[in-house]
Amino acid sequence: MSSADEHETTSKAAETNREDDRRIPPRFADDSPLPGAGPIQAFLRFWKRYPIFTGRASRSEFWWWVVVHAVIVTALLVIGRGVDVATGVTAGFWEGQITEGPAWGVQSILTGIWGLATIIPGLSLNARRMHDTDHSGWWQLINLVPIFGWFFFIWLAAQPSDRGGARYDTGPNREGAQIKPGDAPQ
């Protein structure tokens, strides 16, 4: 093979790589997991990567989001219930008098809005966590099976990272050096 042929092959490969890079938005170009993520990093990555169902999410990234989400939902429930009790909006409902006052108070509205805001990013994070354990993101549908499915999904999400999960990456780590479970604290 002549040097001209090698140069042509190399430039075609470089052009193909540039085309691949153009299809991936720059802020999502590296979608490898972030081992050792803290709660703030997990919260920010949750919102920055909300539409991305490719790539992986480390255990720490996933579980810190679960903790932050639980704290926020609890705060919304407490605040909403406090407002409902203070204003008497749902007093009749809680006293068994369903005809008095609406059942949907501030508490329900706040948690409903939060739930709607986090459903797509939550599905995305679940899919990325499954990818990190080398499972298809579709495994999150196991949550539709009551009790058994919930516990099975929790067990899957608690599994350590698997090197095979790199096949779900679209960034620079998809074929190169992989993040190993022992590389950083999870």
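Seen from residue 43, the other residues with C-beta closer than 12 Å to its C-beta sum to a net charge of +2, counting Lys and Arg as +1 and Asp and Glu as -1. Using a cut-off of 15 Å between beta-carbons, work out the net charge of the residues near residue 122 (Lys and Arg +1, Asp and Glu -1, residue 122 not included). Summing Lys and Arg as +1 and Asp and Glu as -1 gives +4. Label positions at residue 71 and residue 41, each projected 7 Å from the Cα along the C-beta direction, are separated by 1.6 nm. When you count the other C-beta atoms within 10 angstrom of each residue and take the mean per peptide, 56-62, 116-122 line up highest first as 56-62, 116-122.
Readers should treat all values here as calculations from the given coordinates under stated rules, not as data from a laboratory. Quick caveat: nothing in here was measured; it's all calculated off a predicted structure. A quick note on method: Cβ atoms are made from the backbone with ideal geometry, for glycine too, and the neighbour counts reach across all protein chains shown.
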